[in-house]
Amino acid sequence: MSMKNINPTKTVAWQKLTEHFQDIQKTTIKDYYKDPNRKQDFSIQFGDLLVDYSKNRINKETLHLLTELAKEVGLKEAIESQFSGEVINVTENRAVLHTALRSNSDEPILVDGKNIKPQIQTALRKIKSFSNKVISGKWKGYTGKSITDIVNIGIGGSDLGPDMIVESLKFYKNQLNTHFVSNVDGDHVSEIIKKLNPETTLFVIVSKTFTTQETLSNAETIKNWFLKSATIFDIPKHFVAVSTNLDAIDNFGISKENVFPMWDWVGGRFSLWSAVGLSISLSVGFDHYKALLDGAEEMDLHFRNEDFEQNIPVILALISVWYNNFYEAETEAVLPYSQYLSKLPAYLQQAIMESNGKGVDRNGDKIEYQTGTIVWGSTGTNMQHAFMQLVHQGTKLIPADFIGYKESLYGLTDHHKKLMANFYGQMDALSFGKTAEEVHLELKSSGNEDKIATLLPFKVFEGNRPSNTILFDKLTPKSLGKLVALYEHKIFTQGILWNIYSYDQFGVELGKELANKLLKS
Ligand SMILES: O=P(O)(O)OC[C@H]1O[C@](O)(CO)[C@@H](O)[C@@H]1O
């Protein structure tokens with residue numbers, strides 16, 4: 001099997017969607033909600049996850065045509081190509097197999113004729129035994145003390161994923177303090193170092209290439225700081241690395257036993273499931289880390305096997321393409337109603353925008369249609385007091401994903417009721433708005449009849465602003481794994497629909513080159 005390189009705008013389904021768009025453009029979410037079955041017909045329950053996509057400007061025909069588009073561009077075949085290890089990252093001549101990292105099946109996956117499953121299992125065992133030693137206190141620093149602090153040194157995919165997961169799973173964490181250093185701005189590393197005791201700190205240097213300027217600079221600075229109180233013979237007790245570049249690690253002085261593997265077939269921004277997630281396992285323990293992987297695998301199986309009509313990542317990807325390419329929506333918001341997920345939007349910005357921010361198609365031709373959604377967001381309810389004004393009443397169409405949990409973790413039910421009332425209240429406000437008649441009545445009944453003439457237009461909410469409800473029972477490592485994998489598959493699906501390569505990132509190179517030139521000049 002291989003991927004079809006089809007310009008989506010030249011498909012039959014796209015032509016039909018263009019006509020269909022003209023037909024339903026004026027129909028509002030409120031109109032759709034006259035159908036009592038709307039919610040039920042436009043929702044998918046998948047274990048502990050409910051995805052309700054009823055508050056969108058779509059009807060059954062829209063979904064039918066969008067799934068036809070997915071079929072016409074060969075999405076099913078492309079999914080199989082990815083999962084089976086074909087070289088779908090053509091421009092880098094690599095397979096894309098983050099899904100293999102969380103697979104519990106015995107089915108072999110071949111890369112260059114070799115089954116990669118055994119090496120994944122070996123790496124997982126190494127992560128487990130190392131995490132157990134550090135967490136239990138058996139792993140000692142150079143003065144015989146147990147480790148108290150972990151510092152992850154990395155950037156981009158070698159930072160954002162682990163940082164986001166560690167923050168999201170704070171509730172499940174152990175006694176270790178986890179820190180993340182990423183920016184080449186020396187003030188970042190200085191602020192972290194000043195809190196640390198070299199005797200009790202473990203540094204995890206994460207860099208797929210081990211050539212990244214930011215990571216190497218921070219690692220050098222930290223090593224020099226460490227060597228002020230310790231010797232080079234103490235480095236093995238305090239420095240470990242995750243990388244594909246064994247020579248560079250050796251030059252840095254890290255011993256072979258302290259190297260965790262990374263592979264070419266794992267993209268940086270999809271790497272938290274590999275040893276790049278070591279700081280996650282250290283922070284919450286291996287069992288929770290494994291549960292995160294298992295949750296992702298559940299979503300993988302769903303994505304790989306479910307019909308498009310019931311396939312959560314596919315449906316969300318299609319709806320997003322609908323707004324991006326037909327409504328010309330410029331951005332999408334991700335709005336988690338959980339403070340734990342405060343780093344999810346930043347994580348998704350790299351995952352989504354580094355993957356699908358491409359202007360050349362898989363044939364190498366310049367693209368004449370819109371690709372790559374701009375994604376942004378923040379946690380509810382804080383963002384209601386920040387940017388939601390624009391989302392509710394501004395001139396831009398901003399489809400939004402509302403992510404929530406039925407249960408809170410500390411069981412403060414009174415708070416959680418309020419949080420979720422806001423969660424649903426915001427979506428209802430976006431969808432159904434407030435009419436001039438309603439505002440009129442409201443002003444009248446509150447004794448403000450005299451203000452109707454001046455205030456009425458400003459208090460109207462036109463509504464018809466789309467949102468998806470992504471609701472889990474509870475924030476657990478497993479449900480978080482599911483959520484992240486959902487977005488990964490949405491990214492892949494959109495890449496296929498837009499006929500772009502989602503797994504390279506040449507767009508970040510030029511800036512790096514020019515910075516290096518400037519440094520040398
Ligand atoms: O893990 P490395 O090789 O240090 O790369 C870090 C990041 O840099 C990039 O290559 C470009 O920003 C990302 O894709 C990657 O996650």
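The values are calculated or read from the model by the stated rules, or taken from the named source; none is laboratory data. Values in this document were obtained by computation on a predicted structure and should not be read as measured data. Methodologically, a virtual Cβ is constructed for each residue, glycine included, from the backbone with ideal geometry; neighbour enumeration extends over all protein chains shown. Remember, those area values only see protein heavy atoms, side chains included, never the ligands or the DNA or RNA. Shrake-Rupley method; radii C 1.70, N 1.55, O 1.52, S 1.80 Å.
Checking the cross-link filter: which aspartates and glutamates have an alpha carbon closer than 20 Å to that of residue 459, excluding same-chain neighbours under 8 positions apart? Hits, sequence-local ones excluded: 428, 437, 438, 442, 449, 450. Taking all protein chains together and rolling a 1.4 Å probe, residue 184 ends up with roughly 70 Å² accessible. With 18 Å as the limit on Cα-Cα distance, the pairs of 138/237; 26/55; 170/478; 55/482; 140/194 that go past it are 55/482; 140/194.
In this simple spin-label approximation, residue 455 and residue 390 carry label points 7 Å from Cα along the Cα→Cβ vector, and these lie 2.7 nm apart. Computing Rg and the Kirkwood Rh from the Cα coordinates of the chain gives a ratio, Rg/Rh, of 1.00.
Cross-link reach is defined here as a Cα-Cα straight distance under 17 Å, omitting same-chain residues fewer than 8 places apart; for residue 117 the lysines meeting it are 126, 128, 290.
The residue among 122, 157, 18 whose Cα reaches farthest toward the positive pole of the charge dipole of the chain, with charges on the beta-carbon of Lys, Arg, Asp and Glu, is 122.
Once backbone amide H atoms are built at 1.01 Å from N, residue 337 has 380, 403, 404 as its partners under 5 Å, excluding neighbours fewer than 5 places away on the same chain. Couplings for the range 277-282, taken from phi via the Karplus curve 6.51 cos²θ - 1.76 cosθ + 1.60 with θ = phi - 60°, read x, 3, 5, 5, 4, 5 Hz in order; Gly and Pro are left as x. Averaged per residue, the range 347-500 has 44 square angstrom of accessible surface, using a 1.4 angstrom probe with ligands and nucleic acids left out.
Here r is the Cβ-Cβ distance between residue 435 and residue 39 and R0 is 22 Å; the resulting FRET efficiency, rounded to 0.05, is 0.55.
Of all DSSP-defined beta bridges confined to the chain, some 30% are antiparallel rather than parallel. Normalised by the number of residues in the chain, the average gap of Cα pairs under 8 Å and 6 or more apart makes the relative contact order 20 percent. Contact order for the range 110-288, expressed relative to its length and based on alpha carbon pairs under 8 Å spaced 6+ residues apart, stands at 31 percent.
In this structure the amide hydrogen of residue 374, modeled in the peptide plane, comes within under 5 Å of the amide hydrogens of 332, none closer than 5 places in sequence on its chain. Surface composition of the chain: carbon plus sulfur atoms hold 53% of the accessible area, using a 1.4 angstrom probe and ignoring ligands, DNA and RNA. Scoring 346-359, 382-395 by mean Cβ neighbours within 10 Å over their residues and listing the highest first yields 346-359, 382-395.
Scalar couplings 3J(HN,Hα) for the range 312-318, obtained by applying the Karplus form with A = 6.51, B = -1.76, C = 1.60 to θ = phi - 60°, are 4, x, 5, 4, 5, 5, 5 Hz; x denotes Gly and Pro. What Kirkwood Rh does the range 212-263 have if only Cα atoms enter the pairwise 1/r average? Answer in Å. Computed over Cα pairs of the range 212-263, the Kirkwood hydrodynamic radius comes out at 11.4 Å.
Averaged over its residues, the range 110-288 has an accessible area of 40 Å² per residue, based on protein heavy atoms and a 1.4 Å probe.
Placing unit charges on the Cβ atoms only, positive for Lys and Arg and negative for Asp and Glu, gives the range 110-288 a dipole magnitude near 740 debye about its Cα centre.
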